[in-house]
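Q: Handing you a structure now.
The values are calculated or read from the model by the stated rules, or taken from the named source; none is laboratory data. All figures in this text were calculated on a predicted structure; none of them were measured in a lab. With ideal geometry, Cβ positions are generated from the backbone for all residues, glycine too; neighbour counts draw on all protein chains shown.
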């Protein structure tokens, strides 16, 4: 098929998506929706977003580029990108099953067995099966390679003992992508790790909700006590867990494609800050009259435009020959830090009213910017902190010496 023919098909698909989302995007409910998938803390939020994801999938605008044999649309990535662009433009509700759509699903399609693909993919797309991630542990901070949750082979099962923390959607999830230690005596700590697609709704697994400083319960700590999982959930071979985990983080950091589409985080528009600056007063005058404020607003607008242009540039190989991984690897870092900075700036415009939070009568926009600012920190930590991201960019994209 010629490129012009593909382009016309994609344009038609985009037009179809525009019409569908214009008609079917739900009105904002009478309860607070989460700004990101990491803040789904109530059953009311969960049910609303699960129904929405299923509706988008059934309409053909989620998983459009995943194979039809496993429940996807069987179309090109350009089709899915077009549908996702419409979702961003219309600011539709986020997709609930982010870890399934963005991490587990692409991994299974790339590295899983045929049985894995048949079993898991369709229900990831429909949100029938929720997924969570079991990487971080309470005692080991950012040192993922030192994970100690044990997995001991016993016939056709592995027996799990230990705990994982920051397991987003842990209390809702049916499955977990899990990094566990199968060989505690290995001289190379990385070689002693294995990667599993683990069921969650079994004896010996217990989740405890973690209350965040926002008051929401998006995370859990998960405890494993002689929990038995099927051995056929092993991804790759024993001892290859680090390799599989690193590929998983490539999806999480947007350094590798294949995600199902949709949006997982509410994106900030500098024009919303512009309106806030028009309304906010300082000395009886709108703060927008302050040249320093205007300069900062322009900087945010430049950043937002740079994100869009870099995303387009990343798709043109000749423009990335010198450092082909630079743009994908910096994507996670710059977006999460931008989100934190722009919400912090929005709060700085509110003066004394910045002290009011969600539900308080004098809060501006019902505390929207407070929630955005406080929740932004979780994104700067998940998938590797901003400091770790800078090391990765320096070492893997720019070829700088490895840090100590």
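Q: Tell me, which residue of the range 137-154 that is in a loop (DSSP other than H, G, I, E, B) and either free of Cβ contacts under 8 Å to residues at least 24 places away in the same chain or in contact with a helix residue (DSSP H, G or I) (Cβ under 7 Å, 6 or more places away or on another chain) (or both) is surrounded by the most Cβ atoms within 10 Å (Cβ to Cβ)?
A: Pass one, the range 137-154, residues in a loop (DSSP other than H, G, I, E, B): 137-143, 147-149.
Checking which are either free of Cβ contacts under 8 Å to residues at least 24 places away in the same chain or in contact with a helix residue (DSSP H, G or I) (Cβ under 7 Å, 6 or more places away or on another chain) (or both) leaves us with 139-143.
Working: 139: 11, 140: 14, 141: 10, 142: 12, 143: 11.
If we take residues in the range 137-154 being in a loop (DSSP other than H, G, I, E, B) and either free of Cβ contacts under 8 Å to residues at least 24 places away in the same chain or in contact with a helix residue (DSSP H, G or I) (Cβ under 7 Å, 6 or more places away or on another chain) (or both), then 140 is surrounded by the most Cβ atoms within 10 Å (Cβ to Cβ).
Q: Just to be sure I understand, how many residues within the range 206-220 are buried (at least 22 other Cβ atoms within 10 Å of the Cβ) and either assigned to a strand (DSSP E or B) or outside the structural domain of residue 153 (by TED's automatic domain parsing) (or both)?
A: Qualifying residue count, the range 206-220: 2.
Q: Can you tell me which residue in the range 229-238 is farthest from the chain's Cα centre (by Cα), limited to those that are surrounded by 19 or more Cβ atoms within 10 Å (Cβ to Cβ) and assigned to a strand (DSSP E or B)?
A: Filtering the range 229-238 down to residues surrounded by 19 or more Cβ atoms within 10 Å (Cβ to Cβ) leaves 229, 233-235.
Filter once more, keeping what is assigned to a strand (DSSP E or B): 229, 234-235.
Working: 229: 26, 234: 23, 235: 21 Å.
Taking the candidates together, the pick is 229.
Q: Another question, if that's okay. With (1) within 25 Å of residue 177 (Cα to Cα); (2) free of Cβ contacts under 8 Å to residues at least 40 places away in the same chain as the list, and residue 37 as the residue in question, which single condition is left unmet?
A: Looking at each condition in turn, residue 37 falls short on (2).
Q: Has the range 120-133 got at least one residue that is under 25 Å from residue 181 (Cβ atoms), modelled with pLDDT of 95 or more and either more than 17 Å from the chain's Cα centre (by Cα) or surrounded by fewer than 24 Cβ atoms within 10 Å (Cβ to Cβ) (or both)? Step through it out loud before you land on a result.
A: To start, the set of residues in the range 120-133 that are under 25 Å from residue 181 (Cβ atoms) comprises 120, 131-133.
Then keep just the ones that are modelled with pLDDT of 95 or more; that gives 120, 131-133.
With either more than 17 Å from the chain's Cα centre (by Cα) or surrounded by fewer than 24 Cβ atoms within 10 Å (Cβ to Cβ) (or both) added as a condition, the list becomes 120.
Yes, the conditions are met somewhere in the range 120-133.
Q: Have a look at 131, 166 and point out the one that is touching a residue at least 24 places away in the same chain (Cβ under 8 Å) and in contact with a helix residue (DSSP H, G or I) (Cβ under 7 Å, 6 or more places away or on another chain). Full working, then the answer.
A: Numbers: 166 fails: in contact with a helix residue (DSSP H, G or I) (Cβ under 7 Å, 6 or more places away or on another chain).
The match here is 131.
Q: Return only the number of the condition from (1) over 30 Å from residue 242 (Cβ atoms); (2) modelled with pLDDT of 95 or more; (3) crowded, with 22+ Cβ neighbours inside 10 Å that residue 60 does not satisfy.
A: (3)
Matching residues to (1) touching a helix residue (DSSP H, G or I) at 6+ places or on another chain (Cβ under 9 Å); (2) crowded, with 16+ Cβ neighbours inside 10 Å; (3) over 23 Å from residue 128 (Cα atoms):
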{"site": "19", "(1), (2), (3)": "no, no, yes"}
{"site": "22", "(1), (2), (3)": "yes, no, yes"}
{"site": "26", "(1), (2), (3)": "yes, no, no"}
{"site": "29", "(1), (2), (3)": "yes, no, no"}
{"site": "33", "(1), (2), (3)": "yes, yes, no"}
{"site": "36", "(1), (2), (3)": "yes, yes, no"}
{"site": "39", "(1), (2), (3)": "yes, yes, no"}
{"site": "51", "(1), (2), (3)": "no, no, no"}
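Q: Okay, next question. Would you pick out the residues in the range 63-92 that are within 18 Å of the chain's Cα centre (by Cα) and surrounded by fewer than 23 Cβ atoms within 10 Å (Cβ to Cβ)?
A: 81, 84, 85, 87, 88, 91, 92
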